[in-house]
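Let me begin by presenting the structure, written as structure tokens, before commenting on it.
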Amino acid sequence: MKNFILGLAVLSTVLMKAQTQIIAHRGYFQAQPPTTENSIKSLENAQKLKVYGSEFDVRMTKDGVLVINHDEHHDKMEISETSFKELEKVKLSNGEKFPTLKDYLKQGKKDPSVKLIVEIKPDKTPEIENEITQKTIKMIKDMKLESQSEFISFSLNICKEIKKLEPTFKVQYLNGELSPEQIKKEGLDGMDYHYSVFQKNPTWISEAKTLGLITNSWTVNDAAVYEELKKQGIGFVTTNIPEQLKNK
């Protein structure tokens with residue numbers, strides 16, 4: 001009987017590990033009350049929700065400050081062509097100051113159970129991309145957040161630069177055109193693709209799993225799409241509705 005109970009415990013642990021995990025896209029901003037995406041509050045909300053991780057976007061200002069913002073522009077200012085001093089004059093829509101990566105990581109460090117999913121945005125040249133990547137990794141290491149951080153990018157150059165600098169860091173590619181076999185050949189850890197890519201290539205999730213790759217999909221805001229991906233055994237989904245998908 002003891003062996004049977006132990007067997008059930010092991011099985012439940014395996015099943016729990018196999019379950020699809022939830023990542024809050026740009027934090028949990030569609031909360032009650034709602035807040036601004038990529039804000040410190042959105043990260044805090046994701047931490048309270050106890051999801052696997054919270055994703056956010058890293059860019060660099062003209063004077064080399066790493067900031068958190070999805071779009072190339074903050075208000076009407078192009079981030080890469082504007083100093084941080086000018087950018088921080090305009091607050092976020094929730095009243096917060098324009099967040100730096102350092103501020104964001106400080107909040108992330110308060111809850112080690114929630115992974116920091118760091119998306120480094122593509123830039124105008126490989127040289128600038130490499131600089132952003134090097135600075136981002138240095139800050140994460142300086143703050144001793146290596147084990148809490150995972151990385152994603154639409155830039156293959158950025159993905160490969162991360163692996164070159166820190167081979168043990170988990171890196172997933174976002175753009176969607178590379179097959180699981182190609183991802184493996186590039187030396188990356190996984191694929192984080194728009195769900196339509198997996199719909200067009202229905203064998204990719206199982207192929208990726210066979211190759212030992214991480215599988216993730218964005219931005220899954222439809223319960224039916226979530227169930228479809230879950231049935232295929234996807235490892236993670238990134239979503240604007242983490243509270244709805246978390247217990248499905």
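Restricting to the chain, what percent of DSSP beta bridges are antiparallel, rounded to 5?
Numbers: 6 of 34 bridges.
Counting DSSP beta bridges with both partners in the chain, the antiparallel share is about 20 percent.
Given +1 on the Cβ of Lys and Arg, -1 on the Cβ of Asp and Glu, and no further charges, what dipole in debye does the chain carry about its Cα centre, rounded to the nearest 20? List each step's numbers first, then the result.
Working: 36 positive and 35 negative charges, 202 e Å.
Computed about the Cα centre, the dipole is about 960 debye.
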Q | Where region 183-248 is the region considered: accessible area per residue in Å², 1.4 Å probe | A | 46
Q | Sequence-separation-based contact order of the chain, relative, with Cα cut under 8 Å and 6+ spacing, percent | A | 19
Q) Percentage of Cα-Cα pair distances in the chain greater than 27 Å, rounded to whole percent? A) 37
Q) ³J(HN,Hα) across region 124-131 via Karplus (A = 6.51, B = -1.76, C = 1.60, θ = phi - 60°), whole Hz, x for Gly/Pro? A) 5, 9, x, 5, 5, 4, 5, 5
Q. In nm, what is the difference between 0.36 nm times the number of residues separating GLN21 and LYS102 and their Cα-Cα distance?
A. 26.5 nm
**Q.** Residue list for region 222-248, given a label point 7 angstrom along the Cα-to-Cβ vector of LYS209 and an amide N cut-off under 16 Å
**A.** 226-237
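Rounded to the nearest whole Å², what accessible area per residue is found for region 90-137 with the 1.4 Å probe? Mind showing how you got there, number by number?
Details: 2210 Å² over 48 residues.
Here the residues of region 90-137 average 46 Å² of exposed surface.
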Q. Rounded to a whole number, what % of the accessible area of region 62-120 do carbon and sulfur atoms account for, probe 1.4 Å?
A. 47
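Between SER147 and SER179, 0.36 nm times their residue separation minus their Cα-Cα distance comes to what?
Working: separation 32, 0.36 × 32 = 11.52 nm, distance 2.72 nm.
Using 0.36 nm per residue and subtracting the Cα-Cα distance, I get 8.8 nm.
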Q) How would you order 204-216, 124-136 from highest to lowest mean count of nearby Cβ atoms within 10 Å? A) 204-216, 124-136
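The values are calculated or read from the model by the stated rules, or taken from the named source; none is laboratory data. Computed from a prediction, not measured in an experiment: that's the story for all the values here. Because the Cβ atoms are built from the backbone with ideal geometry, glycine has one as well, and the counts that use them run over all protein chains shown. For the accessible areas, the whole protein counts, side chains as well, though only heavy atoms, and no ligand, DNA or RNA atoms are used. Shrake-Rupley method; radii C 1.70, N 1.55, O 1.52, S 1.80 Å.
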